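For reference, the structure is listed below as structure tokens.
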Amino acid sequence: MSMLKGKKIVLGITGSIAAYKSCLIIRELVKRGAEVQVVITPAGKEFITPITLSALTQKPVISDFFSQRDGTWHSHVALGLWADAMLIAPCTASTLGKMAYGIADNMLITTYLSMKAPVFIAPAMDLDMYAHPTTQQNMERLKSFGNIIIEPQSGFLASGLEGKGRMEEPERIVEYLEKALGEQADANRKLAGKKILITAGPTYEKIDPVRFIGNYSSGKMGFALAEECARRGAEVTLIAGPVNSQLSILRSASPLGSSKNSQLIRRIDVESCQEMYDAAVKAFPEMDAAILCAAVADFRPAEVASEKIKREKPTPDPSQKGGEDVMTLSLVPNPDIAAELGRMKREGQVMVGFALETNDEEQNAQHKLEKKNLDFIVLNSLRNEGTCFKSDENQISIISREGQKDYDKKPKSEVARDIVNELSRLVESGKRKVERE
């Protein structure tokens, strides 16, 4: 049975010469049991007629916000809730740019912005347009939002030139869609109903009422992991340090964007390592898995001044040459969250740690894996430029007792999928082991 049987697909068509191939896409989708609703841009109608598309889908084609002058209109919000997937094929450079920056000037873009389901994009354009830095940047931006790009192929183009920009063949696009939805369904099945604890962001350790010890963590990786787990049906408890990051899943679930919690993700905000430790230790016994992604401060000041420490009153240090005055800060170790949860871990629970290293990366990560009783550890390095702190991209290796898997640099939303795929596999194998016992 096809994974597309019974699926509701919104097919977006834009103003490209490849628009005629959308007929073949519709035929393949319908043949495999899918229900297809076409949304076409005004430019798209210059290349293929709504009558042809309607005949193939057995549904009226949607192009304009208002179909008549009697007050009836097409709801892009309803389409976003109705669909199991959105496929935009062909997708022009213009539409890519509008999607990347939310320029909602037609029905297709407003439908995209309202879409709750996965979005697949099959670009089609001339080779120079495709290779242009603007187009490449827009595609990377869309990938960082979790959209899936079906890469175009090299071949003979409408311009008479030959190169990369030719939309992937219709049958291959549908096969790609079917495989992706099948993998998603399998992944959702493994994590559906599971309880997962995730820590994210930095911790701030107070020096005085206005200063702290901290780091550059933005929380983007941890938040991407929380959203990916929630998409797969898990109940997520997200313990977040002081960050500006927001959850797009929560914005979707809460129309006013006023609540930090939803049925998908329960967010607990903390500031210090001790607060994160207390929240994690309290929550962990009820969890099926934990992903410890936070960049926790290892040390905190031994004493916190009750008032702002003044520059004019430093502590003299006689060891300093020339008689310079310095301020000495005494630090003590913070509680080790990963070590404590590793000690608490029961049979069947899965624990994932993170290691950000600057040297001897693999050896340090392997040591942490064993010492903290982790099932696998995600290694990233500050040597990889454009990754780690504040970046929208990351480049990781996953190290477990089974070996090491290295991944290419990619948006953190895609990195989250790689990590959660590995977590899903271990959760499923742990479940089978417990059932056998």
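Counting other Cβ atoms within 10 Å, which trypsin sites (Lys or Arg not before Pro) in region 18-113 have at most 15 and lie in a DSSP loop?
ARG69
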Seminar exercise, completed: Any aspartates and glutamates whose Cα falls less than 13 Å from that of LYS372, other than same-chain ones fewer than 8 residues away, would be ASP336, GLU340
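Carbon and sulfur together cover what percent of the accessible area of region 1-131 at a 1.4 Å probe radius? If you can, show how the numbers build up before the last one.
On the way: 3420 of 5820 Å².
Here it works out to 59 percent.
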Exercise. How do PHE299, PHE223 stack up against each other in accessible area, from largest to smallest, with a 1.4 angstrom probe?
Worked result: PHE299, PHE223
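Looking only at region 105-212, where both bridge partners belong to it, what percent of the DSSP beta bridges are antiparallel (to the nearest 5)? Provide the component values of the computation, followed by the final result.
Details: 6 of 8 bridges.
Just about 75 percent of them are antiparallel.
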Exercise. How far is helix 133-144 tilted, in degrees, relative to the longest principal axis of the Cα atoms in the chain, given as a value from 0 to 90 rounded to the nearest 10?
Worked result: 70
Problem set entry | Computed magnitude of the charge dipole of region 96-220 (debye, nearest 20; Cβ of K, R +1, Cβ of D, E -1) | 800
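All other residues with a Cβ under 10 Å from the Cβ of GLU271 taken together, and with Lys, Arg as +1 and Asp, Glu as -1, what is their net charge?
Within the 10 Å Cβ shell, the charges total -2.
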Problem set entry | Filter on LYS7/LYS164; LYS7/LYS190; LYS190/LYS405; LYS116/LYS194; LYS8/LYS405; LYS143/LYS179 - keep pairs with C-alpha separation over 24 Å | LYS7/LYS164; LYS8/LYS405
Exercise. Per the 1.4 Å probe, what fraction of the accessible area of region 269-308, in percent, lies on carbon and sulfur atoms?
Worked result: 45
Problem set entry | Selection of trypsin sites (Lys or Arg not before Pro), region 400-429, meeting DSSP coil and at most 16 other Cβ within 10 Å | ARG401, LYS409
For this session: Assign one of three labels to region 123-201, namely rounded, prolate or oblate, based on the Cα gyration tensor with a ≥ b ≥ c the square roots of its eigenvalues; rounded applies when a/c is under 1.5, prolate when it is not and a/b is larger than b/c, and oblate otherwise.
Result: oblate
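Dividing the Cα radius of gyration by the Kirkwood radius, what Rg/Rh value follows for region 85-169?
0.97
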Exercise. Using Cα atoms only, what is the angle between the long axis of helix 273-283 and the major principal axis of the chain, expressed in degrees (0 to 90) to the nearest 10?
Worked result: 60
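Leaving out ligands and nucleic acids, and using a 1.4 Å probe, what accessible area per residue does the chain come to in Å²? It would help to have the intermediate numbers written out before the result.
Details: 22000 Å² over 437 residues.
For the chain, the solvent-accessible area averages 50 Å² per residue.
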For this session: Please give the helix 220-231 orientation as an angle from the longest Cα principal axis of the chain, in degrees from 0 to 90, rounded to the nearest 10.
Result: 50
Exercise. Among ALA200, GLN137, GLN58, whose Cα lies farthest out toward the positive end of the dipole of the chain, if unit charges sit on the beta carbon of Lys, Arg (+1) and Asp, Glu (-1)?
Worked result: GLN58
Exercise. Roughly how much of VAL326 is accessible, in Å² to the nearest 10, using a 1.4 Å probe?
Worked result: 40
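The values are calculated or read from the model by the stated rules, or taken from the named source; none is laboratory data. The structure displayed is predicted, hence computed values, not measured ones. Positions of Cβ are backbone-derived with ideal geometry, glycine not excepted, and every protein chain shown enters the neighbour counts. These accessible areas exclude ligands, DNA and RNA; they are computed on the full protein's heavy atoms, side chains included. Shrake-Rupley method; radii C 1.70, N 1.55, O 1.52, S 1.80 Å.
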